Each structure stands twice: as structure tokens, then as C-alpha cells.
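Undergrad: Got a structure for you, questions after.
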Amino acid sequence: IENVLYKNLKTDNFFIQKIEQLLRLGKSEESGKRIPHPTRANISHLFNKRNHPSVAYHPDNYVFLTIDEHSELDNKCLDVNDFKELNKRFPVASKLILERMEIVRKSVTEKTKFVEAFDNFIKTLTKI
């Protein structure tokens, strides 16, 4: 029970801090659309919590998006390990997303297909 309570507390603290940040920013980091009443749905984890618990609460493991943008990021890019789609679908925020992901990646301890695909993608960028 203590572990569950601790995990819930960490989750709540993460989202409270991010919602406070988003209240100050007030908009999507991609479209610039106003987000006057942010919720957890406006905070997209870059490395998902389920498969990457080592970085679930990392301070850089997020991007602020509208709910529709969050769904698009997850469904069209992150959930299918398609990092090339970031530039196409998120032309404004893609650089910021990749910068944050590179920071967070240093703390990831899990070996997942997502991490492998991300590492391979970053290697292609550094070869250019």
C-alpha cells in the first residue's frame, strides 16, 4: 500500500507542477492555441509512464499540447515509434520535443523498442 501511495503522490506532484507551468504559459507548445483550463490531458509524456517508469516523473518528460495534438502525438508518432513524423506533424514543437527527449533519454533504464527506435533515429540525425 505504501508503494501505491508513494507512486500516486509522485504522479500528483508531477501533474500539479506541470499544470502550474502550463497555467503560466497558457498555450500549446505546438499550435500556440490557448489552453485556459489545463488538465492532465494537456500534458503529454514523451517517454510513456507504463513502459518507462524510470523517467515517468522526469521534469523534462513532457510537452504541453491541446488534447487533439496530444492524441496525434501519441497515435501517429510516439506509440508507433515514428520519430520522422514529428517534424511533419509538429513543425513548431518537434525541435523542443527532441531536445527534451534527449535529456530524458540519459535517465531511461528500460530497454524497450521505443528506446531502441529513438536511439537509432538520433544516430541518423548526428550523421547528417
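Undergrad: Suppose the chain between Leu9 and Asp82 were pulled fully straight at 0.36 nm per residue; how much longer would it get relative to their current alpha carbon spacing?
TA: Full extension of this stretch gives 23.1 nm more.
Undergrad: Each residue of the range 11-18 in turn: what ³J(HN,Hα) in whole Hz from Karplus with 6.51, -1.76, 1.60 and θ = phi - 60°, glycine and Pro shown as x?
TA: Whole-Hz 3J(HN,Hα) from phi for the range 11-18: 4, 4, 4, 4, 5, 4, 4, 5.
Undergrad: Same structure, new question: Which order, highest average first, do 42-51, 71-80 follow once you tally other Cβ atoms within 10 Å for each residue and take the mean per peptide?
TA: Taking the mean over residues of other Cβ atoms within 10 Å, the ranking is 42-51, 71-80.
Undergrad: Subtract the Cα-Cα distance of Ser31 and Gln17 from 0.36 nm times their separation in residues, and report this length gain in nm to one decimal.
TA: 2.9 nm
Undergrad: May I pose another question? Take the alpha-carbon centre of the range 55-94, take the same for the range 20-53, and report the distance between them in whole Å.
TA: Between the Cα centres of the range 55-94 and the range 20-53 lies a distance of 10 Å.
Undergrad: Need one number: nm distance between label points at Ile67 and Lys95, each 7 Å from Cα along Cα→Cβ, rounded to one decimal.
TA: Result for the modelled spin labels: 3.1 nm.
Undergrad: Given 0.36 nm per residue, what is the gain on full extension from Lys123 to Lys106 after removing their alpha carbon distance, in nm?
TA: 4.7 nm
Undergrad: Which value at 222 nm does the chain reach when only helices count, each DSSP H run of 4 or more adding -39,500 (n - 2.57), with the total divided by all residues and rounded to the nearest 500 deg cm²/dmol?
TA: -15500 deg cm²/dmol
Undergrad: If I take every Cα pair under 8 Å that is 6 or more residues apart in the range 1-79, average their sequence separation and divide by the length, what percent do I get for the relative contact order?
TA: The value is 28 percent.
We did not get these values from a lab; they are worked out from the coordinates using the rules stated. Keep in mind the model is a prediction, meaning the values are calculated, not measured. Neighbour counts run over all protein chains shown; Cβ positions are idealised from the backbone, glycine included.
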